[in-house]
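The values are calculated or read from the model by the stated rules, or taken from the named source; none is laboratory data. These numbers come from a predicted model, not from an experiment. Virtual Cβ from ideal backbone geometry, glycine too; neighbours counted across all protein chains shown. Just so you know, the surface numbers come from the protein's heavy atoms only, side chains and all, with ligands and any DNA or RNA stripped out. Shrake-Rupley method; radii C 1.70, N 1.55, O 1.52, S 1.80 Å.
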Amino acid sequence: MAYAYTPGLKVTTGSTIRKDRRLPLKGDVLVQKGDAVRSEDVVARTNRPGNVQLVNVANLLSIPPEDVKDYMHKTEGEAVAKDETLAMTKGIFGLFRSQARSPIDGTIETISNVTGQVILREPPLPVEMKAFINGTVVEVFPDKGVVVEAYGTYVQGIFGVGGEAVGTLNVVVDSPNAPLTPDAVQTTHRGKILVGGSIVGYDALQEAIRCGVKGVVAGGINDTDLRKFLGYELGVAITGTEALGITLIITEGFGKISMAGRTYNLLKDQEGMQASINGATQIRAGVVRPEIVIPFEKREQSLQTAHESGVLEVNTPIRIIREPYFGQLGRVTALPVELQQLETEANVRVLEVELDDGARITLPRANVEIIEA
């Protein structure tokens, strides 16, 4: 059988999911191999060094830099409180003294006789790494973190913003073609992850934030609404660190694009279950996709047969990623071996596809990505 390799999005009903949960710095791992963990459990913890503040004591006291240590009331390594005196001149007969005060609570890190500056460091910032999914610890990295494994549904999106969130899955539209409108969002959705259909707009996202929704999953979004929602033009950097009050995952693309029927039905079937989502996205080198994870008990036999990862073959479900059929879904019906000439006169490998509406088309293999089952 003819086959080829192409990147694709994973949409799996049941598979083994492993999440690497590592600290940015060395710290303490709080669980052991074999431990069962919940999504909100802290599995590792560390402290990130606080921010640095500079105080130009020489300028404040009008003294030479090399004399700064003679006027200091504190030494390196000592703790200081905000507005506490760091250094002071003797003045004239005890009067007209100049003072340098600490702008923060923190610790004196360095006193420089060269620059006349005192370097203060704010208190360390606690960093906690949570399990993210309900599962079992299968690997431990001493002082760094763990790997958590679970079995469940795994869905990748095209684009997302916002970090990790956990909540109950709630489908609020009747079909994958229906838009997620503000009136579909209710106060009873607090703490939940809402699933829409073809598109979500700025007003619906603002209403979701007002109602305390943890996350929104929809087929598409207009770039103008996304820009208004973020408050700036999105660049090429990785997303996922935005402080928006909500996590957004787009499964199909920009504009009004119906959510893939298979994705919608999969999420609909598991409505009411706890889902873990992450909007982090990176399109360029080191691709990162937004994801939805719904852990559940492993069944004895999977209901679906998975395609080999990345393999494009007959009957493989695909999504078209370029015009004029952008966003449409279908299945591969043939993979001709011979090169075919395009209108641009380039000779490329093509594939034949049957779209979900029954239409049959031929297009370059580079124009599709696999929807991994």
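Values as computed for the structure displayed
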item: Low-density loop cleavage sites - trypsin sites (Lys or Arg not before Pro) in segment 162-267, where at most 13 other Cβ are within 10 Å (DSSP); result: ARG190
item: Cα Rg over Rh - segment 12-101, Kirkwood; result: 1.37
item: Among beta bridges that DSSP assigns inside segment 104-194, antiparallel share in %, nearest 5; result: 75
item: Histogram of C-alpha separations across segment 187-286, 5 Å bin width, %; result: 3, 12, 22, 26, 21, 12, 4, 0, 0
item: Charge sum, other residues only, whose C-beta stays under 14 Å from THR110's C-beta, Lys/Arg counted +1 and Asp/Glu -1; result: 0
item: Cross-link pairs LYS19/LYS144; LYS69/LYS90; LYS33/LYS144; LYS33/LYS192 - those with Cα-Cα distance over 19 Å; result: LYS33/LYS192
item: Efficiency of FRET from Cβ geometry, VAL288 and GLU338, R₀ 30 Å, rounded to 0.05; result: 0.25
item: Contact order relative to length of segment 66-126, as percent, for alpha carbon pairs under 8 angstrom and 6 or more apart; result: 34
item: Rh (Kirkwood; distinct C-alpha pairs) - segment 171-237, Å; result: 12.1
item: For segment 131-220, alpha-carbon Rg relative to the globular expectation (2.2 N^0.38 Å, N residues); result: 1.29
item: Carbon plus sulfur fraction of accessible area for the chain, probe 1.4 Å, in percent; result: 48
item: Rounded accessible area of ASP356 (nearest 10 Å², 1.4 Å probe); result: 120
item: Calculated [θ] (222 nm, deg cm²/dmol) that DSSP helices of n ≥ 4 give over the chain, each run adding -39,500 (n - 2.57); result: -2500 deg cm²/dmol
item: Relative packing of peptides 27-34, 57-64, 128-135 - highest average C-beta neighbours within 10 Å first; result: 128-135, 57-64, 27-34
item: Alpha-carbon centroid distance for the pair segment 212-274 / segment 313-356, whole angstrom; result: 27
item: Convex hull volume per residue for segment 315-366, taking Cα atoms only, in Å³; result: 74
item: Kirkwood hydrodynamic radius over Cα pairs of the chain, then Stokes diffusion coefficient at 37 °C and 0.692 mPa s, in µm²/s; result: 135
